[in-house]
Amino acid sequence: TPMRIGSLWAPGPESSNSATDDLIYTPSNNSYASLLIAQNLRPGSTSPYNKPLIIFTPFYDYQIQSAIYCSKKLRIQIRVRSGGHDYEGLSHTSRDNPFVVVDMRNLRQISIDAEQKTAWVEVGATLGQLYHTLAQKSGTLAFTAGVCPTVGIGGHLSGGGYGMMSRRHSIAADHITDARIMNVDGQILDRRSMGEDLFWAIRGGGGTSFGIVIAFKVNLITVPETVTVFNVTKTYEQNATQLVHRWQYIADKVDENLLMRVFLRSVRSLTTGKRTVIASFTTLYLGGVEDLMPIMKVKFPELGLVEKDCTKMSWIQSVLFFAYIPNQPLNVLLNRTTPFTVYFKGKSDYVTEPIPVDGLIGIWRFLHEEDENMAEIQFSPYGGAINSFSESETPFPHRTGNIFMIDYGLSWDSPGNEEAEKHLNWMRRIYGYMAAYVSKSPRGAYFNYRDLDLGVNNYSSGNIIGSYDEAKVWGMKYFKNNFERLVRVKTKVDPSNFFRNEQSIPPFPLQP
Ligand code: FDA
């Protein structure tokens, strides 16, 4: 079977969970390069600043203070890295500024209070480590967050955190009940001392802008002892187009224990040797197959699901299933890196009206244009618990009215700017084509699928404050009307814009 884009990011078989021995790594240090390994290489990057001057790996939270102090003194930017999965690599590369990386990998303790169903999770932990720790504690305690085990808590919870249980339990950021954050003055604040405005901002307003988060306290959830999964794949010839079309009328409205994601790719058919589009309906049901079958029969009979397509398993086994590492020992969830590094570009969209059949056929045409298998489009259903929050309750605004989110993903493995340009051009063209079918004014985008094509802060000619008007262009897409409040919080907590990157929230300009 050809390799799927997602499987490129499954954790590697080798344990690579290593903490560091030292605090500071410079390019002359032997471990510098291996510490810097990114999950996704940035295409076409020619910036002389795309590598940090120093990688700083604190063991204790007070050590972060020294990094803030030194970088202020030397006027060098700080980039914070938790799991390193930023779609544009902003935790470890910079377009135009010298910088140091504060790599939080050693700060990854997790303490679970099973009785209270809460956990304190340090940001350097990965999702896999959190899921693994929960499974060691209990068969039914879980957390709702993303699918890829190597994603870091720090970036993921700061920007949202969508996963296979999001229709039932919403996104990860909605479960944050407290946090420890280091502010621009090196003080460590918790929910009480930071105040509700800042606490609001860090639950979806994105990493970087407001300080260095050290740990989040989250509410855990309870899952059934067994859940049901299936992954049914249909080709174009097996009616994939009509099935995907029909899915759009069901996906966000069906029982919220059911989350059916659709993965679309173009592959070469084993029987005809020709390229065909396939749609994989990758599904988690938080319950037994006996309850799932009647729902599918009534709501989506067209898919023709039968009992033998379904597998019963524990929730933690379903985590392995969706991460493309089924039946492996649970310890694989502790690995921080993946065996492959590929070039990657992603984008996102929100769909509020079903895409008509001819619109879908246009997508298939684009998929055929790219190299077999390397382009994957995901349709991830919304609705359910995601809508139990209003648009302004947290900075993550994509609530009622969205049927599903689109994640456009494209990977390739050959270096070179020409190769990169070819793929990036494909991505821009399909994004242009999709404008007619997705949310408008603003065209929504998911912050955790960061996309610098939406706009960047311009810090040229010594202006390090950035511009509200410039940032509003991308800010409205990620945060809608919450952008304005995020700028107000930023102005209060970091008026000199010490914590910044190409897409961080700017403060309002300082009054003379
Ligand atoms: P990374 O360390 O790169 O940080 C991301 C951003 O947050 C950077 O700007 C960084 O500076 C900042 N930051 C990190 N730690 C911080 C801290 N402690 N304090 C302040 N700022 C901090 N998303 C999703 O919702 N569901 C999913 O299933 C997936 N799956 C997935 C798979 C793969 C392979 C990738 C590459 C990405 C995803 N994502 C995802 C997207 C993911 O949620 C997003 O990239 C997160 O920001 C990654 O968090 P990391 O800590 O790993 O990134």
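The values are calculated or read from the model by the stated rules, or taken from the named source; none is laboratory data. Everything numeric here is computed off the predicted structure, so don't read it as measured data. Here Cβ is always computed from backbone atoms with ideal geometry, including for glycine, and neighbour counts include all displayed protein chains. For accessibility, only protein heavy atoms count, side chains too; no ligands or nucleic acids. Shrake-Rupley method; radii C 1.70, N 1.55, O 1.52, S 1.80 Å.
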| message | Among the listed pairs K72/K490; K440/K492; K345/K477; K274/K345, which have their C-alpha atoms separated by more than 21 angstrom in this model? | response | K440/K492; K274/K345
| remark: Pseudo-spin-label distance L23 to Y69, built 7 Å along Cα→Cβ, given in nm, is 1.0
| field | 10 Å binning of all Cα-Cα separations within region 291-377, expressed as whole percents from 0 upward | value | 11, 24, 35, 29, 2
| Ratio of the Cα radius of gyration of region 250-289 to 2.2 N^0.38 Å, where N counts its residues | 1.60
| request: Give the peptides 83-95, 249-261, 317-329 in descending order of average Cβ contacts within 10 Å, highest first. | output: 83-95, 249-261, 317-329
| query | Using mean Cβ contacts within 10 Å as the protection proxy, how do 305-315, 269-279 order, highest first? | reply | 305-315, 269-279
| task | Give the Kirkwood hydrodynamic radius (Å, one decimal) of region 100-170, defined as one over the mean of 1/r across all pairs of different Cα atoms. | result | 12.6
| Given a cut-off of under 8 Å on Cα pairs at least six residues apart, what relative contact order in percent is computed for the chain? | 18
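Compute and list, largest first, the equivalent-ellipsoid semi-axes of region 361-461 from the alpha carbon gyration tensor, each √(5λ) rounded to a whole angstrom.
Calculated on Cα positions only, the semi-axes equal 28, 19, 12 Å.
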| How large are Rg and Dmax for region 390-512 when only the alpha carbon atoms are used, in Å? | 16.5, 51
| remark: By the mean-Cβ-within-10 Å protection proxy, highest first, 423-432, 208-217 rank as 208-217, 423-432
| Given a cut-off of under 8 Å on Cα pairs at least six residues apart, what relative contact order in percent is computed for region 156-269? | 30
| query | Net charge near N448, counting Lys/Arg +1 and Asp/Glu -1 over other residues with Cβ under 11 Å of its Cβ? | reply | -2
| message | Quick one: 3J(HN,Hα) in Hz for region 444-458, Karplus 6.51/-1.76/1.60 with θ = phi - 60°, rounded, Gly and Pro as x. | response | x, 8, 8, 4, 5, 9, 3, 9, 6, 5, 6, x, 9, 6, 10
| message | Counting each pair of different Cα atoms once, what's the Kirkwood radius of region 52-109 in Å, rounded to one decimal? | response | 11.6
| Degrees between helix 482-493 axis and first principal axis of the chain (Cα, 0 to 90, nearest 10) | 20
| request: Could you give log10 I(q)/I(0) at q = 0.14, 0.28 Å⁻¹ for region 467-512, computed by the Debye formula over C-alpha point scatterers of equal weight, without solvent? | output: -0.28, -1.08
| said: For T140, what accessible surface area do you get with a 1.4 Å probe? Give it in Å², rounded to 10. | reply: 40
| note | Here the averaged projected area of the chain, based on the convex hull of its alpha-carbon atoms and given in nm², is 22.9
| field | Kirkwood-type radius of region 84-220, with distances r between different C-alpha atoms, in Å | value | 15.3
| Given the alpha-carbon gyration tensor of region 249-353, what are the semi-axes of its equivalent ellipsoid in whole angstrom, ordered largest first, with each equal to the square root of 5 times an eigenvalue? | 25, 22, 17
| note | Note: region 186-254, point scatterers on Cα, Debye, no solvent; log10 I/I(0) at q = 0.12, 0.18, 0.20, 0.22 Å⁻¹ equals -0.68, -0.81, -0.88, -0.98
| task | List, in order, the whole-Hz ³J(HN,Hα) value for each residue of region 388-394 obtained from phi through the Karplus relation with A = 6.51, B = -1.76, C = 1.60 and θ = phi - 60°; use x for Gly and Pro. | result | 7, 10, 7, 4, 9, 4, 10
| field | Translational diffusion of region 141-237, µm² s⁻¹ [Kirkwood Rh, Cα pairs; Stokes-Einstein; 20 °C; 1.002 mPa s] | value | 144
